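I have placed the structure first, in the form of structure tokens, so that the comments after it can refer back to it.
The values are calculated or read from the model by the stated rules, or taken from the named source; none is laboratory data. Bear in mind that the values here come from a model prediction, so they are computed numbers and not experimental data. FYI the Cβ positions are ideal-geometry reconstructions off the backbone, even for glycines, and counts take in every protein chain you see.
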Amino acid sequence: MRHDELSPNAKLQLIQLACIAAWSDTTVSPEERRVVLDLCHDLSNTSSCPAEVQQWLDGPPPYLDPQEIPHAHRQVFLDTMREVIAADGRVLADESETLRILEELLA
């Protein structure tokens, strides 16, 4: 499944999860921020992102229940999370653990 095949709600969930990934080491690097904003622009096909996305980059986003992610979208979500986590060229232990837990929950 590609990003453009996601419903509007799933797109917002994907961006939310990308923000969660960016915050998984308690700080959002400029590279992680750029990946999330690029994703947001790609998904919205506009030059701006919803205000809540900026809020999620400035402070941790609200909890997203992984079980709410439709089965058909789970691989796209995991791939996006990996991309965000690796964006700054380093993967810290907290980031690895967050990804491991999410992979387990979405299996």
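Look at Thr80 and say whether it is out of contact with any Asp or Glu (no Cβ under 7 Å at 6 or more places or on another chain) and exposed (fewer than 11 other Cβ atoms within 10 Å of the Cβ). Answer is no for this residue. Being in a helix (DSSP H, G or I) and under 14 Å from the mean Cα position of the chain (by Cα), is that true of even one residue in the range 87-94? Looking for residues that are in a helix (DSSP H, G or I) and under 14 Å from the mean Cα position of the chain (by Cα), one finds none in the range 87-94, hence no. Taking the criterion of being within 20 Å of Asp38 (Cβ to Cβ), part of a helix (DSSP H, G or I) and within 13 Å of the chain's Cα centre (by Cα), the residues of the range 55-72 that qualify are Trp56, Leu57. If you go through the range 55-77 and pick out every residue that is crowded, with 16+ Cβ neighbours inside 10 Å, more than 11 Å from Leu14 (Cα to Cα) and not hydrophobic (A, V, I, L, M, F, W, C), you end up with 1. Looking only at the range 29-41, decide whether some residue is at pLDDT 90 or above, outside any helix (DSSP H, G or I) and farther than 21 Å from Leu6 by Cα. Taking every residue of the range 29-41 in turn, at least one turns out to be at pLDDT 90 or above, outside any helix (DSSP H, G or I) and farther than 21 Å from Leu6 by Cα. Residues considered: Pro30, Pro61, Pro66, Pro70. Of these, the only one that is closer than 25 Å to Glu97 by Cα, in contact (Cβ under 8 Å) with a residue 60 or more places away in the chain and of a type outside the set (A, V, I, L, M) is Pro70. Would you confirm whether any residue within the range 23-44 is among the small types (Gly, Ala, Ser) and under 12 Å from the mean Cα position of the chain (by Cα)? Yes, the range 23-44 contains a residue that is among the small types (Gly, Ala, Ser) and under 12 Å from the mean Cα position of the chain (by Cα).
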